[in-house]
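Right, one structure below, let's go through it.
The values are calculated or read from the model by the stated rules, or taken from the named source; none is laboratory data. Quick caveat, the model's predicted, so the values are computed rather than measured. Cβ placement follows ideal geometry from the backbone for every residue including glycine, while neighbour counts extend to all protein chains displayed.
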Amino acid sequence: KNEVEQSPQNLTAQEGEFITINCSYSVGISALHWLQQHPGGGIVSLFMLSSGKKKHGRLIATINIQEKHSSLHITASHPRDSAVYICAVLKGTASKLTFGTGTRLQVTL
Amino acid sequence: GAVVSQHPSWVICKSGTSVKIECRSLDFQATTMFWYRQFPKQSLMLMATSNEGSKATYEQGVEKDKFLINHASLTLSTLTVTSAHPEDSSFYICSARDFSGRAYEQYFGPGTRLTVT
């Protein structure tokens, strides 16, 4: 079993829909990252969380340390949100990230 | 926000030649940089951790003589793929950790697509 699990693996939504991507992890962490990778390959760091909730534009990320779970929400989704979303955690005092397998999101008109 | 650049963004080379990829932190100092490779539809795989002024730490299974990493300054790390072969064709991504003391802030470069013919 992977230390970082994401669900769903694939997600198709219509423009305007509210989207939730989940990340569960089984180890103690010091921080969790949400990353976005577009088809061209480049990775953008969306959020870094160690507790609570963060919001940036239409994106919201939450984390529950006790439940070892984080969610990424996209409000009013748009085709340009189509990408792979990756959850990655920093375990304890380590500097290396452990990655989830990613969620492939396709938003259609 | 912090910016990490990579050069080149894509490269095609012939089998047997060497290719150098640069990773630069543009507006911050990075004591630590990480090199990843990614095959199509797979997650990132950490290849090595590069600390400024010291030897890189390679992950298990990564050939250090084939993937040479140099981190000569706080803003530049290079990955050289030596004697490249078609199986080295992949997407190579670096990330850099901010020197400012926020231990878990990492910023990713845009990646370099390597094709070996």
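Which is touching a strand residue (DSSP E or B) at 6+ places or on another chain (Cβ under 9 Å) and more than 24 Å from B:Arg37 (Cβ to Cβ), of A:Gly41, A:Gly28, A:Gly102, A:Gly57? Every option except A:Gly28 fails the conditions. With respect to (1) buried (at least 18 other Cβ atoms within 10 Å of the Cβ); (2) closer than 28 Å to B:Thr32 by Cα; (3) of a type outside the set (D, E, K, R), the lone exception for A:Gly92 is condition (1). For the stretch A:37-48, the condition holds for at least one residue, the condition being that it is within 20 Å of A:Gly92 (Cβ to Cβ), free of Cβ contacts under 8 Å to residues at least 24 places away in the same chain, within 14 Å of chain B (Cβ to nearest Cβ) and within 11 Å of the chain's Cα centre (by Cα).
Do we have A:Thr62 as out of contact with any His (no Cβ under 7 Å at 6 or more places or on another chain), of a type in the set (Ser, Thr, Tyr) and touching a residue at least 24 places away in the same chain (Cβ under 8 Å) here? Against the criterion (out of contact with any His (no Cβ under 7 Å at 6 or more places or on another chain), of a type in the set (Ser, Thr, Tyr) and touching a residue at least 24 places away in the same chain (Cβ under 8 Å)), A:Thr62 does not qualify.
State all residues of the stretch A:61-74 that are surrounded by 14 or more Cβ atoms within 10 Å (Cβ to Cβ) and either under 11 Å from the mean Cα position of the chain (by Cα) or at negative phi (or both); if no residue qualifies, say none. Listed by number, the residues that qualify are A:Ala61, A:Thr62, A:Ile63, A:Ile65, A:His69, A:Ser70, A:Ser71, A:Leu72, A:His73, A:Ile74.
Apart from one condition, A:Val4 fits all of (1) touching a residue at least 60 places away in the same chain (Cβ under 8 Å); (2) exposed (fewer than 13 other Cβ atoms within 10 Å of the Cβ); (3) under 25 Å from B:Gly109 (Cβ atoms); the exception is (2).
Residue-by-condition table, conditions (1) away from chain A (no Cβ under 14 Å); (2) in contact with a strand residue (DSSP E or B) (Cβ under 7 Å, 6 or more places away or on another chain):
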residue: B:Ile12; (1), (2): yes, yes
residue: B:Val19; (1), (2): yes, yes
residue: B:Phe28; (1), (2): no, no
residue: B:Met33; (1), (2): no, yes
residue: B:Phe39; (1), (2): no, yes
residue: B:Thr49; (1), (2): no, yes
residue: B:Leu68; (1), (2): yes, yes
residue: B:Leu74; (1), (2): yes, no
residue: B:Ser83; (1), (2): yes, no
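Do you know which residues across the stretch A:8-51 are of a type outside the set (S, T, N, Q), at pLDDT 95 or above and surrounded by fewer than 14 Cβ atoms within 10 Å (Cβ to Cβ)? Correct list: A:Pro8, A:Glu15, A:Gly16, A:Phe18.
Against the condition modelled with pLDDT of 95 or more, within 13 Å of chain B (Cβ to nearest Cβ) and in a strand (DSSP E or B), how does A:Gln106 come out, does it pass? Taking the combined requirement at face value, the residue does not satisfy it.
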